[in-house]
Amino acid sequence: MRNAMGFVLIHGGGLESWVWERVIPQLELPAITAHRIPPAANWKMLSLEECTRFVERQITDAEMNKAIIVAHSIGGVIARELAILAPQLVEGIVFLSANVPIAGKSSLSTLPLAQRIELAIGQWLAKWNLTPVKAVQRYIAETLCHDLDAAATRQMLERGTNPEPTALFFEPTSRFPFPNVPCTYVKLTNDRALHPSVQEQMAARINANVVTIASGHTVMLSCPQELAEVLNRVAHDVLPCAKLTAQ
């Protein structure tokens with residue numbers, strides 16, 4: 001039986017589906033956590049479209065007619081492409097401190113120069129299997145965990161270093177303009193990974209409704225209840241006639 005509506009949760013860089021565990025029980029629509037690397041695929045060789053089409057297949061496999069896409073950080077690149085490649089599935093998008101590239105530009109190109117260089121070096125080192133583990137752990141601790149509790153910090157340090165397809169950072173996005181989809185941008189005011197001023201630029205680029213949460217970059221771990229409340233409000237606004245069913 002097909003679900004009429006649901007959330008599709010797209011995690012940020014280095015993370016996986018576990019990062020949503022604190023949020024999902026509080027959502028008023030069914031939710032799936034989307035992966036971007038198909039089983040047995042070589043993450044180094046995947047294209048942006050292949051990642052996006054894999055997310056699309058997960059939505060259809062979950063038998064959702066329509067989805068509210070919730071995209072964190074680099075997941076915003078996939079959300080943008082999904083709205084263009086599979087508009088029939090996208091009822092709305094919530095960007096969480098997400099990268100939303102300009103049409104025809106890569107996600108890295110939209111970032112400040114220093115951050116662009118840092119991320120580019122990190123991606124190439126990962127592709128060559130030369131990732132400096134201690135430096136990555138220090139970055140995670142200082143940039144992504146500064147407002148997390150001990151349990152979440154431990155999860156991030158142990159499970160927050162998954163490899164990411166290089167295409168998400170370097171490949172140009174579709175040249176088609178961003179479609180007319182209801183968008184909310186959740187600006188995280190204590191974010192050390194994507195500065196609030198850059199988040200504002202991303203939100204303005206797609207004319208999104210902006211909601212503010214006083215959180216660091218991993219808001220689903222630091223403020224899961226507040227985030228769930230935002231997502232549920234979006235569901236009520238986007239789907240005023242839908243019957244919201246608690247999981």
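The values are calculated or read from the model by the stated rules, or taken from the named source; none is laboratory data. Since the structure is predicted, the reported quantities are computational estimates derived from the model, not experimental observations. Here the Cβ is made from the backbone with ideal geometry for all residues, glycine too, and neighbour counts use every protein chain on show. Note: accessible area is taken over every heavy atom of the protein model, side chains too, but ligands, DNA and RNA are not part of it. Shrake-Rupley method; radii C 1.70, N 1.55, O 1.52, S 1.80 Å.
With 0.36 nm allotted per residue and the present C-alpha distance subtracted, the THR212-HIS195 stretch has 4.8 nm of extension available. Roughly speaking, to the nearest percent, how much of the chain's 1.4 Å accessible area is carbon and sulfur? Taking all protein chains in place, the chain shows 55 percent carbon and sulfur surface. Dividing the mean sequence gap of close Cα pairs (under 8 Å, 6+ apart) by how many residues the chain holds gives a relative contact order of 26 percent. Count Lys and Arg as plus one, Asp and Glu as minus one, and take only other residues whose Cβ is under 12 Å from that of ILE140; the net charge is then +3. Per residue, the accessible area of segment 40-101 comes to 29 Å², computed with a 1.4 Å probe over protein heavy atoms only.
For the pair GLN88 and ARG57, label points projected 7 Å from Cα toward Cβ lie 1.8 nm apart. Taking 26 Å as the straight-line reach from the Cα of LYS44, the lysines in range (excluding those fewer than 8 positions away in the same chain) are LYS105, LYS127, LYS134.
Suppose a student asked you for the relative contact order of segment 46-142, using Cα pairs under 8 Å spaced at least 6 residues apart; what percent would you report? Over segment 46-142, the number comes to 21 percent.
Think of the chain as a dipole: +1 on every Lys or Arg Cβ, -1 on every Asp or Glu Cβ, centred on the Cα centre; then among ILE10, THR60, ASN129, ASN129 lies furthest on the positive end. Extending 7 Å from the Cα toward the beta-carbon at both ALA103 and ILE121 defines two label points whose distance is 3.5 nm.
Subtracting the Cα-Cα distance of ASN129 and MET45 from 0.36 nm times their residue separation leaves 28.8 nm of extension gain.
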